[in-house]
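Below you'll find the structure, written out as structure tokens, and then a few comments.
Laboratory data are not the source of any read-out in this text; all were calculated from the coordinates shown. All values derive from a computational prediction rather than experimental measurement. Here the Cβ is made from the backbone with ideal geometry for all residues, glycine too, and neighbour counts use every protein chain on show.
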Amino acid sequence: MQTEAVQKLVSIPADPVSLEGMLELPENAVGLVLFAHGSGSSRHSPRNNFVAKILRQAGTGTLLFDLLTAQEDTDYETRFDIPLLTRRLLAATRWAQQYEETRDLALGYFGASTGAAAALQAAAGLPGTIAAVVSRGGRPDLAGDKALRKVQAPTLLLVGGFDDIVISLNEKAHALLACEKELAIIPGATHLFEEPGTLERVADQAAAWFKKHLGGKQRS
């Protein structure tokens, strides 16, 4: 069982490539959240790193990793290949389940943009394994109706109040989810939550959601 703080670069095998990631665990982490970045983003995303910092302050570990290699990320179509992104996230999940310092931790997913679709597809394929999912400005609709109906993990959808089209897409996805769910609109926020205080609200709500659903749970 992990008790000491951890901060290290890791290499995650995802045939036929290896994905670079940053694993950070606070002391006595209550769980581990894997970040699925959106198209054109990476583990260096300042927004996701900000959210990850708030999660760690709340006692939850984080794994930020690149779903695509640098070469793959130059291909526009690959960025929107949801099945590929899902397979990569599943590979990272298997790695976390076996890695000594994370294998006993409850797992959650945080997805942004297209990464939210991958997170929900992966959660649908791992019933009982993923303890919670949070989507930030996500495209959960891209997960597909079938996958959305199969998700068992409690899911929080966070959308900016000025992001009209994405609000509509999230409302439709929310209606299809049969799990514990919440759709939260962040007032005054556009798609990237660049307005003062809006990303902080995203991070605080995500931290509370994960603490509620991951806290105290350990994988059997």
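A few points about this structure:
- Taking the Cα centre of the chain as origin and assigning +1 to Lys and Arg Cβ atoms and -1 to Asp and Glu Cβ atoms, the resulting dipole is close to 600 debye.
- Annotation: amide H-H contacts under 5 Å for residue 36 (H modelled 1.01 Å from N, sequence separation of 5 or more, or interchain): 110, 111, 112.
- Cut-off under 5 Å, modelled amide H: who pairs with residue 6 long-range: 25
- Approximating the spin labels as points 7 Å out from Cα along Cα→Cβ, the residue 180-to-residue 149 distance works out to 2.4 nm.
- Cα lying deepest toward the dipole's positive end in the chain, options 166, 5, 214, charges on Cβ: 214
- Debye, to nearest 20: dipole size of region 78-154, +1 on Lys, Arg Cβ, -1 on Asp, Glu Cβ: 240 debye
- For residue 160, residues with placed amide H under 5 Å, excluding near neighbours: 137, 186
- For region 90-115, the residues whose backbone nitrogen is under 11 Å from a point 7 Å from the Cα of residue 191, taken along Cα to Cβ, are 113-114.
- Two tests apply to each whole DSSP H helix in the chain, Cα reach of 15 Å or more along its axis and mean Kyte-Doolittle hydropathy of at least 0.5, and the ones passing both are 114-125.
- Fully extending the segment from residue 69 to residue 171 would add 33.5 nm, taking 0.36 nm per residue of separation and subtracting the current Cα-Cα distance.
- Structure-derived percent of Cα pairs over 31 Å apart - corresponding label in [x] 11; [y] 29; [z] 15: [x]
- Burial ranking of peptide ranges 146-157, 95-106, 13-24 (average Cβ count within 10 Å, highest at the top): 146-157, 95-106, 13-24
- Part-to-part distance (alpha-carbon centres) for region 8-76 and region 178-202, which is given in Å: 20 Å
- Projection of the Cα convex hull of region 148-220, averaged over all directions and equal to a quarter of that hull's surface, yields 5.4 nm².
- Residue separation of residue 90 and residue 20 scaled by 0.36 nm, minus their Cα-Cα distance, works out to 23.7 nm of gained length.
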